[in-house]
């Protein structure tokens, strides 16, 4: 749940012409197609190759990993090293399926357009009973397996409490976002309030950064976003005018899942390889070589029970049926 905080607290490396051309092609190709864009060959990590010598030639049909991609370049930087590492370890081809929003991700998993998926906590909790998707590994950001959601206002705003938010404009992310919808909704309902009635207007920006920037630009009065996005933008001086009004408890990071239909030996091999990334020198060098601003630092163990707290909050918010 959300509570009032105590004391709240490079740009990309220059890209070569080929990398820029590839990224531009990916953006155009994705925007020209519906839903989860085409299955695209994820490029080698821009920060350096995952391996020093050519790996065994990948064989067999491609294994597709669906990933949310509001920013294709950032998705390539963060997910590309994982796929190249898996190819080197398992001698199988791995492709990246770009999903432009949470709904596209749900469709990709439900309609079996992918064999693997990188899911948010809320998306996993809602999909698990319907699809039987199997948790393989949990995302680790800057050494942490969890994060917090924050309710943010402008520094200059007179808003200092939930009461002061009444009749104001609120920016959220997406109805399938954990910290950008579910937790703020639970925050209001735990206090006997209906968010849509308490606020004069609730807007869905489509991304955490978009919701936050709408407040800083004066388009909305408050935003519910994940704290790592606020911290990252503060480092870039783009969110220096933001003030935290309230924070959630710890929310477990997202995770990589496999479709239930994937053969158990292959599923186990992928899970084992993902969990060994942090001890694989070549994989670690690739991740450390990524551009600044990339939060992803590895993967850790996970189980369905990891998300019991999320289930509890979703249930309190009336989002679990």
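The values are calculated or read from the model by the stated rules, or taken from the named source; none is laboratory data. Values in this document were obtained by computation on a predicted structure and should not be read as measured data. Using ideal geometry, Cβ is built from the backbone for each residue, glycine included, and neighbour counts are taken over all protein chains shown.
See the values below:
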quantity: Enumeration of residues in the range 81-110 that are in contact with a helix residue (DSSP H, G or I) (Cβ under 8 Å, 6 or more places away or on another chain), within 14 Å of residue 256 (Cα to Cα) and outside any strand (DSSP E or B); calculated: 82, 86, 105, 106, 109
quantity: Which numbered condition residue 73 misses (of (1) touching a helix residue (DSSP H, G or I) at 6+ places or on another chain (Cβ under 8 Å); (2) more than 30 Å from residue 241 (Cβ to Cβ); (3) not in a strand (DSSP E or B)); calculated: (2)
quantity: Residue within the range 267-275 that is outside any helix (DSSP H, G or I) and surrounded by fewer than 18 Cβ atoms within 10 Å (Cβ to Cβ) present; calculated: no
quantity: Of the criteria (1) part of a strand (DSSP E or B); (2) crowded, with 22+ Cβ neighbours inside 10 Å, which one residue 114 fails; calculated: (1)
quantity: The range 154-173: number of residues that are in a loop (DSSP other than H, G, I, E, B) and buried (at least 23 other Cβ atoms within 10 Å of the Cβ); calculated: 1
quantity: Set 171, 137, 186, 128: member being at pLDDT below 95 and touching a helix residue (DSSP H, G or I) at 6+ places or on another chain (Cβ under 9 Å); calculated: 186
quantity: Residues of the range 226-258 classified as assigned to a loop (DSSP other than H, G, I, E, B), touching a helix residue (DSSP H, G or I) at 6+ places or on another chain (Cβ under 7 Å) and farther than 15 Å from residue 146 by Cα, total; calculated: 3
quantity: Helices (runs of 4 or more DSSP H) (entirely within the range 177-225) containing at least 3 residues that are on the phi < 0 side of the Ramachandran plot and under 21 Å from the mean Cα position of the chain (by Cα); calculated: 183-189, 208-216
quantity: Residue within the range 140-152 that is surrounded by fewer than 22 Cβ atoms within 10 Å (Cβ to Cβ), under 21 Å from the mean Cα position of the chain (by Cα) and on the phi > 0 side of the Ramachandran plot present; calculated: yes
quantity: Residue within the range 210-219 that is touching a helix residue (DSSP H, G or I) at 6+ places or on another chain (Cβ under 6 Å) and either modelled with pLDDT of 95 or more or over 17 Å from residue 139 (Cβ atoms) (or both) present; calculated: no
quantity: Selection count, the range 231-263, where residues are modelled with pLDDT under 95 and out of contact with any strand residue (DSSP E or B) (no Cβ under 6 Å at 6 or more places or on another chain); calculated: 11
